[in-house]
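These notes concern the structure reproduced below.
The values are calculated or read from the model by the stated rules, or taken from the named source; none is laboratory data. Just so it is clear, the structure is predicted and the values come from calculations on it, not from any experiment. Heads up, the Cβs are rebuilt from the backbone with ideal geometry, glycines too, and the neighbour counts pull from every protein chain shown. Heavy atoms of the whole protein, side chains included, go into the accessibility calculation; ligands, DNA and RNA do not. Shrake-Rupley method; radii C 1.70, N 1.55, O 1.52, S 1.80 Å.
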Amino acid sequence: MATERKNKTKRAKKEETTWQERVIQIRRVSKVVKGGKKLSFRAIVVVGNERGQVGVGVGKASDVIGAVKKGVADGKKHLIEIPMTKSNSIPHPIDGTGGGAKVIMRPASPGTGVIAGGAVRTVLELAGVRNILAKQLGSNNPLNNARAAVNALSTLRTFAEVAEDRGVPIENLYI
């Protein structure tokens, strides 16, 4: 009985450690209240397992550590699954939007690496994408850029999914 309980806790710890978290931005925000100004912190966190799952979360709290914990929890609630090719790239070019930000992503050949900037780079790295070209357009707001990247990645489809939707064999797509 005791060993069974130990094994469960080991498995739970092992599953937790597969997730990686990166803080994109910590911002101190203030709210004017009757007694003066109330200070709090906003943390933007990206959570991923480097195997095709990634999420962006925002947490607000009166201390930085609490804000980061809330951001991680929020990121795990908003996870998306990403289809990837054998060369750890995306299957096709895609655009995504989030607020005033627009992100363009193109697949790249093996050995290219992640060519992207800011929050988009963090999202792609934690998703497990190794070869990609990406460009941020419009806004330079980290939250909107991260959300635009997640929006683009969530609309990716594999050739098999497209063939199934159209009701044709995969071989006919390549013609």
Taking only segment 124-143 into account, find how many residues are of a type outside the set (V, I, T) and outside any strand (DSSP E or B). 12
Here the residues within segment 126-151 that are among the small types (G, A, S) and either open to solvent by less than 60 Å² (accessible area, probe 1.4 Å) or touching a residue at least 60 places away in the same chain (Cβ under 8 Å) (or both) are A127, G128, A134, S139, A146, A148, A149
State all residues of segment 17-41 that are under 18 Å from the mean Cα position of the chain (by Cα) and assigned to a strand (DSSP E or B); if no residue qualifies, say none. Q20, E21, R22, V23, I24, Q25, I26
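Does A116 fit the bill of being closer than 19 Å to V46 by Cβ, buried (at least 20 other Cβ atoms within 10 Å of the Cβ) and not assigned by the TED database to the domain that holds V54?
yes
Which members of segment 50-64 meet the condition of being under 18 Å from I132 (Cα atoms) and either acidic (D, E) or buried (at least 16 other Cβ atoms within 10 Å of the Cβ) (or both)?
Residues of segment 50-64 under 18 Å from I132 (Cα atoms): 50-54.
Answer for segment 50-64, where residues must be under 18 Å from I132 (Cα atoms) and either acidic (D, E) or buried (at least 16 other Cβ atoms within 10 Å of the Cβ) (or both): E50, G52, Q53, V54.
Table: residues versus (1) crowded, with 16+ Cβ neighbours inside 10 Å; (2) in contact with a Gly (Cβ under 6 Å, 6 or more places away or on another chain); (3) among the basic types (K, R).
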residue	(1), (2), (3)
L39	no, no, no
K77	no, no, yes
P91	yes, no, no
V103	yes, yes, no
Of A163, A67, the only residue that is outside the structural domain of G48 (by the TED database) and either surrounded by 15 or more Cβ atoms within 10 Å (Cβ to Cβ) or modelled with pLDDT of 95 or more (or both) is A163
May I ask you to verify whether S154 is in contact (Cβ under 8 Å) with a residue 24 or more places away in the chain and either in the same structural domain as R51 (by the TED database) or open to solvent by 30 Å² or more (accessible area, probe 1.4 Å) (or both)? yes
Residues of segment 71-99 satisfying the condition of being more than 13 Å from L124 (Cα to Cα), in a loop (DSSP other than H, G, I, E, B) and in contact with a helix residue (DSSP H, G or I) (Cβ under 6 Å, 6 or more places away or on another chain): G99
